[in-house]
Structures are given as structure tokens and as C-alpha cells.
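The values are calculated or read from the model by the stated rules, or taken from the named source; none is laboratory data. Remember, predicted model here, so these are calculated numbers, not experimental data. Neighbour counts are summed over all protein chains in view; Cβ atoms, including those assigned to glycine, are modelled from backbone coordinates with ideal geometry. For the accessible areas, the whole protein counts, side chains as well, though only heavy atoms, and no ligand, DNA or RNA atoms are used. Shrake-Rupley method; radii C 1.70, N 1.55, O 1.52, S 1.80 Å.
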Amino acid sequence: MEKITLSKFSKEELVEYIVSQGEKKFRAEQIHSWIWAKNAKSFDDMTDVKKEFRQFLNENCQILDCKIKTRQISSDGTIKYLIEFKDGLCAETVLMRFDNRSNLSMCVSCQVGCKMGCKFCATGKNGFKRNLEANEIVSQILLAQMDTNLKITNVVFMGQGEPLDNFENIKKAIELINKNLQISIRRMTLSTSGIVPKIYELAKNDLIPTLAISLHAPNHTIREKIMPIEKRYNIEELKKALKEFNKVTKDRITIEYILIGGLNDTKECALELIEFLKDIKCNINLIPYNPVDDDNGFKKPIKKDMLKFKYLLEASGKKVTIRLERGADIDAACGQLAGKQA
Ligand code: SAH
Ligand code: SF4
């Protein structure tokens, strides 16, 4: 008989299930807190649950339906996990620690592979396998908490896959993360390559995370060369959606811009980008291109060009940051997540 996976349940559903097994409501609350707040790895860790009921749980239930297959630790403290799901497929998830901050950020995957085919990204290279279910997305955080015994404080949907191409599961995952893990929606960021209709839909959701947009080019011509999605939803349609998102949420959008040497890091590109973003309430996050292991002809930007690009944008009044490269020595940096079974 297939075991029931308890991490799939909202608190109300867990109560309903436990009560249906003849136990009291407080028992469900204990179990809920062991799973979501106290990082229990097994039912036997749940010491205040009576032994006979623990035995029932062991026989009929499981906490999670996936597991850590491998763990790699970078010299900068970043940990990359390869998670194996119930059907044997795997995806990566990355825990980022910053020495000078108390934040612990988890970068979660939402699909095995990706359909979008961006030219600079390793994730799409092996095609698309399947969407992850909501609980498979949330389990990545639970597994990292169990493994490190640390409390995750921030979640970024920036791992493998396109979140807005798996929207129903992402919405459910956001709710589980918010309600069960008690992580505020203000500490969640969703990054998308720009599926325009879903951006409008996200703006109507009850819980709206910070939106990050993989823009990566200041105009249609360059964007089309590196991101096939530009053919479907072009940069002008995207701009309209961002303005609408601004109107509804009042929050700043994060504009992600990969700097690729000689391709989109010139002064002309910076000036065009300033013009493009002038009516959008946003911060800009510049990401130095991380080489992925195939010969796409893209180069890392030169440091001098990167700083010049940053100064030009700053002069337009925007807040600009250069994304710290995390875990590059274990292929955990942006765009390097390929689900390789190292
Ligand atoms: N699919 C979503 C989220 C995952 S990608 C999206 O594309 O937004 C997370 C971020 O890493 C995106 O901004 C993506 O464009 C960027 N990225 C992909 N490949 C990269 C590479 N080789 N170097 C640097 N950043 C990369
Ligand atoms: Fe998919 Fe994002 Fe990679 Fe593009 S950058 S292929 S959307 S994961």
C-alpha cells in the first residue's frame, strides 16, 4: 500500500486526517510542528507522540516522498543538493549563506528541465521532463532544514525551470511555504523569463511574491537572439505587464540582466536599457554571465565594462547591484543547474 505523505497537507488537512484515525486534534498539531518547525527526520523523533501512534505512522505514512541524493558544499558555504523525487527524476536546490547576514536563502527548482531554451542557460539543455508538484517544491526546503537543522528565512524561485510555466503548483507551494513554514510573502521572490499572461494573473493572486524578470537585453533584436520566449511575448508586451504589476503591488520589480561580454554590456545597451526602464519602478540586478559547459560562444564580461554599465544605470537614478556569484566551484551559480548526477 502506498504511504500517505504528510508534508502534502495544509494544517487543516493534517488535522482532518489524524482525527479520522481516532486521534485528538492536539496530536495533529504536535505532528505539524515536528514536521514544519522542529525539522523532525522521522516519526521516532516525535518524542511527545505516544509510541503506538508513532508505530501507526511508521506503517502508514511518510513525512516526505523525496530524498537528498547528493550534497555538495562550496568553499563559500553554499550547499547544493540533488533531490531525487518519487519517480527517480532529480532536480537541484541551493542553500545560500552569507557571512554578514542572518538570512538563509533557499533557491528552489520548480521543474525537471525547462521548455524555454534560453541560449545561456544549462537547465534547458536536456529538454523538459516534468513539472514538480507543490509539495515537491516545498520539500526541497524541508530537506535542507532537516539536513542542516537551520531555519530557512528566504525563498527564491530561481532554480531549475520556469515558475510561471508551472503556475498552479507554484501558487500552492507559495501558500504552503507561507502557512506551514511561516515564511512571509515579503521574503519570497519569483523569477520569470516573462510569460506575460501569467504575470497579469500573478498580480491578482492573494499572496504576491517579489517579481524578478529575466530581461537580459534592452531591445527586441538582442533579446530574440538569446531568449526564444521573445518570439512569443515580446519586450514591449512585457513592459506593459510590468507597469500593470507595479500599479497593483506598489513594490519594486527586480530586473535581472545577465552581462554577456561584447553582446549586451556596451554603453549603447546601457543607455537603451535606461530608456526602456524609465517608467518602471524597479531595481536592477546585474548578473555576470556564468559559463556553462557547452560552446555557445558567450563570454564573461570584463570587470571594467561591468562597472561602467553599473555606473551608467546608477546615474539614471536606479538602484543597481551586481549579483554575488555563489557556489560556482560546485556548479551552483545562476544558470549552472543542470541536474547533473555528480
Ligand atoms: N526560469 C526562471 C528562473 C530560473 S533562472 C528565469 O529564467 O527567470 C534564474 C536566473 O539565472 C535567471 O535570471 C536566469 O536568466 C539566470 N541565468 C541563467 N543562465 C545563466 C548563466 N549562464 N549565467 C548567469 N545567469 C544565468
Ligand atoms: Fe528556463 Fe530560466 Fe534557464 Fe531560461 S533561464 S532556460 S527560463 S531556467
Exercise for the section: Please identify the pairs in which a residue from segment 177-206 that is touching a residue at least 60 places away in the same chain (Cβ under 8 Å) has its Cβ atom under 8 Å from the Cβ atom of a residue that is assigned to a loop (DSSP other than H, G, I, E, B) and within 16 Å of ligand 1 (Cβ to nearest atom), counting only partners at least 6 apart or on another chain. Expected result: Thr189/Met158; Thr189/Pro209; Ser191/Met158; Ser193/Met116; Ser193/Cys118; Ser193/Glu162; Ser193/Met227
Exercise for the section: Report yes if some residue within segment 136-147 is touching an Asp or Glu at 6+ places or on another chain (Cβ under 8 Å), more than 16 Å from ligand 2 (Cβ to nearest atom) and modelled with pLDDT of 95 or more; otherwise report no. Expected result: yes
Exercise for the section: State which residue is most open to solvent (accessible area, probe 1.4 Å) when the search covers only segment 99-121 and only residues that are in contact (Cβ under 8 Å) with a residue 24 or more places away in the chain and either more than 23 Å from Ile258 (Cα to Cα) or away from ligand 1 (no atom under 16 Å from the Cβ) (or both). Expected result: Ser102
Problem - segment 26-46 residues that are assigned to a helix (DSSP H, G or I), paired with ones that are among the hydroxyl-bearing types (Ser, Thr, Tyr) (beta carbon under 7 Å, 6 or more apart) - result: Ile35/Ser7
Practice task
For residues that are open to solvent by 50 Å² or more (accessible area, probe 1.4 Å) and either farther than 11 Å from Phe309 by Cα or under 26 Å from the mean Cα position of the chain (by Cα) (or both), tally how many sit in segment 247-268.
Solution key: 7
Handout entry: Within segment 162-173, tally of residues that are more than 16 Å from Glu12 (Cβ to Cβ) and in contact with a helix residue (DSSP H, G or I) (Cβ under 7 Å, 6 or more places away or on another chain)
Key = 6
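Every residue, every condition in (1) over 29 Å from Phe309 (Cα atoms); (2) buried (at least 22 other Cβ atoms within 10 Å of the Cβ); (3) of a type in the set (Val, Ile, Thr), yes or no:
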site	(1), (2), (3)
Gly194	no, yes, no
Ala203	yes, no, no
Leu207	yes, no, no
Pro218	no, yes, no
Glu236	no, no, no
Leu242	no, yes, no
Problem - Checklist (1) open to solvent by less than 40 Å² (accessible area, probe 1.4 Å); (2) in contact (Cβ under 8 Å) with a residue 40 or more places away in the chain applied to Phe167, failing item - result: (2)
Problem - Residue check for Leu89: within 19 Å of Ser7 (Cβ to Cβ), open to solvent by 20 Å² or more (accessible area, probe 1.4 Å) and more than 16 Å from ligand 1 (Cβ to nearest atom) - result: yes
Fill in the blank from the handout: Residue pairs qualifying under the 7 Å Cβ cut-off, at least six apart or on distinct chains, with the first in segment 214-241 being more than 12 Å from ligand 1 (Cβ to nearest atom) and the second being of a type in the set (D, E, K, R) and open to solvent by less than 20 Å² (accessible area, probe 1.4 Å), are His220/Glu230; Glu224/Glu230; Glu230/Arg223; Ile235/Arg223
